[in-house]
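S.K.: Below is a structure I'd like to ask you about.
The values are calculated or read from the model by the stated rules, or taken from the named source; none is laboratory data. In this text the structure is predicted, and so the values were computed from the model without any measurement. Backbone-built Cβ (ideal geometry, glycine too); neighbour counts: all protein chains shown. Ligands, DNA and RNA are stripped out before the accessible areas are found, and what is left, the full protein with its side chains, is counted by its heavy atoms. Shrake-Rupley method; radii C 1.70, N 1.55, O 1.52, S 1.80 Å.
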Amino acid sequence: MNNYMKNIHETEDTMKNGIEIRWHGRGGQGAKTAALLLADVAFKTGQNVQGFPEYGPERMGAPITAYNRISQDVIRVHSNIYHPDYVVVVDETLLESVDVTAGLKKEGAIIVNTPKSKEGDVYTVDGRKISVDALGKNFPNSPMLAAIVAVSKVMPRDKFITEMRASYEHKFAKKPEVIDGNMKALEMAFDAVEALM
């Protein structure tokens with residue numbers, strides 16, 4: 001059996017009690033950072049985690065992919081994610097050039113950063129508007145991070161918000177003005193997704 005098929009079978013065997021998330025974004029939009037932050041916060045809530053990017057041409061604006069595995073069980077597979085439970089699209093222009101639905105599980109869902117309305121299992125969050133309103137700049141990764149937590153229910157909202165505040169306080173210790181904006185973006189995105197459910 002080739003490695004690709006072996007990885008698929010290993011993933012199916014080891015992720016019965018967990019979720020797999022694939023992130024699609026462009027270099028500089030924070031998809032990789034969001035995946036790493038999600039892994040960090042999930043780890044702090046006692047879960048087993050993986051958060052990693054798929055490296056390609058690392059340049060501003062180039063399509064990038066990042067991944068998360070989150071499980072109550074030990075995670076034994078170490079490969080890209082071929083059959084995600086959830087897909088997060090940080091830049092909707094990628095919908096024209098990347099097959100973001102590739103391998104998505106039948107019961108899975110997609111979260112797209114767009115001002116358009118929700119359709120079926122495609123959740124929409126206007127991450128650009130939220131981040132501009134909350135931070136004064138277009139940093140869609142915080143809203144999209146809150147959106148995937150809200151849709152996947154990988155952890156309770158209050159636990160997520162508490163751990164994210166601690167994470168931002170550590171990360172932005174020398175820029176405290178950024179903390180409140182990011183926290184506001186998380187809360188706004190959570191509210192927006194919960195309104196769709």
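S.K.: Measure off 7 Å from each Cα along the Cα-to-Cβ vector at Leu95 and Phe43, then give the distance between these two points in nanometres to one decimal.
M.R.: With each label placed 7 Å out from Cα toward Cβ, I get 3.4 nm.
S.K.: If each DSSP helix of 4+ residues adds -39,500 (n - 2.57) and the sum is divided by the residues in the chain, what number results at 222 nm, nearest 500 deg cm²/dmol?
M.R.: Numbers: 6 runs with 83 residues, N = 197.
Taking each H run of at least 4 residues, the total per residue is -13500 deg cm²/dmol.
S.K.: How large is ³J(HN,Hα) for each residue in region 170-187, as worked out from phi by the Karplus curve 6.51 cos²θ - 1.76 cosθ + 1.60 (θ = phi - 60°), to whole Hz, x for Gly and Pro?
M.R.: Values, residue by residue: 6, 5, 10, 3, 8, 9, x, 5, 6, 4, 4, x, 5, 5, 5, 4, 4, 5 Hz.
S.K.: Amide H to amide H, which residues 5 or more places from Val89 or on other chains are under 5 Å from it, using H placed in the peptide plane?
M.R.: His24, Ile111, Val112, Asn113
S.K.: Further question on the same structure: Can you tally the net charge around Pro143? Count Lys and Arg as +1, Asp and Glu as -1, for every other residue whose Cβ sits under 11 Å from the Cβ of Pro143. Provide the component values of the computation, followed by the final result.
M.R.: Working: positive: Arg128, Lys129, Lys184; negative: Asp126, Asp133, Glu187, Asp191.
Cβ neighbours under 11 Å give a net charge of -1.
S.K.: Where the accessible area of the chain is counted over protein heavy atoms with a 1.4 Å probe, how much of it, in %, is carbon and sulfur?
M.R.: Working: 5140 of 9910 Å².
Roughly 52 percent of what the probe reaches on the chain is carbon or sulfur.
S.K.: For region 18-88, what's the radius of gyration and Dmax over Cα atoms, in angstrom?
M.R.: Spelled out, the Cα radius of gyration and Dmax of region 18-88 are 12.0, 36 Å.
S.K.: Could you pull out the trypsin sites (Lys or Arg not before Pro) across region 28-108 that fall in loop regions by DSSP (anything but H, G, I, E, B) with no more than 14 other Cβ atoms inside 10 Å? Mind dumping the intermediate values first?
M.R.: Working: sites: Lys32, Lys44, Arg59, Arg69, Arg76, Lys105, Lys106; in loops: Arg59, Arg76, Lys105, Lys106.
Loop-located and lightly packed - Arg59, Arg76, Lys105, Lys106.
S.K.: Now, a different point. With a 1.4 Å probe and all protein chains kept in place, how much accessible area does Val132 have, in Å² rounded to the nearest 10?
M.R.: Probe radius 1.4 Å; accessible area of Val132 about 60 Å².
S.K.: For region 93-134, what is the number of Lys pairs with C-alpha distance below 19 angstrom, counting only pairs 8 or more positions apart or on separate chains?
M.R.: Working: Lys105/Lys118; Lys106/Lys118; Lys116/Lys129; Lys118/Lys129.
Count of close lysine pairs: 4.
S.K.: For a quick check of understanding: with a 1.4 angstrom probe and all protein chains in place, what accessible area in square angstrom does Val112 have, to the nearest ten?
M.R.: For Val112, solvent-accessible area is about 10 Å².
S.K.: Something else about it: Give me Rg over Rh for the chain, both radii from the alpha carbons and Rh done the Kirkwood way, two decimal places. Provide the component values of the computation, followed by the final result.
M.R.: Working: Rg = 16.0 Å, Rh = 16.8 Å.
With Rh from the inverse mean 1/r over Cα pairs, Rg/Rh is 0.95.
S.K.: How much length, in nm to one decimal, is gained on full extension between His83 and Glu107, taken as 0.36 nm per residue of separation minus their Cα-Cα distance? Before the final figure, lay out each step's value.
M.R.: Values: separation 24, 0.36 × 24 = 8.64 nm, distance 1.10 nm.
The span from His83 to Glu107 would gain 7.5 nm if fully extended.
S.K.: What list of ³J(HN,Hα) couplings, whole Hz, do you get for region 29-45 from phi and the Karplus terms 6.51, -1.76, 1.60, once you set θ to phi - 60° and write x for glycine and proline?
M.R.: Calculated HN-Hα couplings, in order: 8, x, 4, 4, 4, 4, 4, 5, 5, 4, 4, 4, 5, 5, 4, 5, 8 Hz.
S.K.: Also: Mind checking region 26-118 for chymotrypsin sites (Phe, Trp or Tyr not before Pro) that DSSP puts in a loop (not H, G, I, E or B) and that have at most 13 other Cβ atoms within 10 Å? Numbers along the way, then the final one.
M.R.: On the way: sites: Phe43, Tyr55, Tyr67, Tyr82, Tyr86; in loops: Tyr55, Tyr82.
Taking region 26-118 and a limit of 13 other Cβ atoms within 10 Å, the loop chymotrypsin sites (Phe, Trp or Tyr not before Pro) found are Tyr55.
S.K.: Now, a different point. Mind computing the radius of gyration and Dmax over the alpha-carbon atoms of region 84-197? Å is fine for both.
M.R.: 14.2, 44
S.K.: Another one. Based on DSSP, what percent of beta bridges with both residues in the chain are antiparallel, to the nearest 5? Could the numbers behind the result be given before it?
M.R.: Numbers: 17 of 29 bridges.
Among the beta bridges of the chain, antiparallel pairing accounts for roughly 60 percent.
S.K.: Mind giving me the FRET efficiency for His170 and Lys118? R0 is 30 Å, r the Cβ-Cβ distance, nearest 0.05 is fine. Don't jump to the answer; show the numbers that get you there.
M.R.: Working: r = 34 Å, r/R0 = 1.13.
Efficiency, from the Cβ-Cβ distance: 0.30.
S.K.: Can you work out ³J(HN,Hα) from phi for every residue in region 136-148, in order, using Karplus 6.51 cos²θ - 1.76 cosθ + 1.60 and θ = phi - 60°, giving whole Hz and x for Gly and Pro?
M.R.: Computed from phi, the couplings for region 136-148 are x, 9, 8, 10, x, 5, 5, x, 6, 5, 5, 4, 5 Hz.
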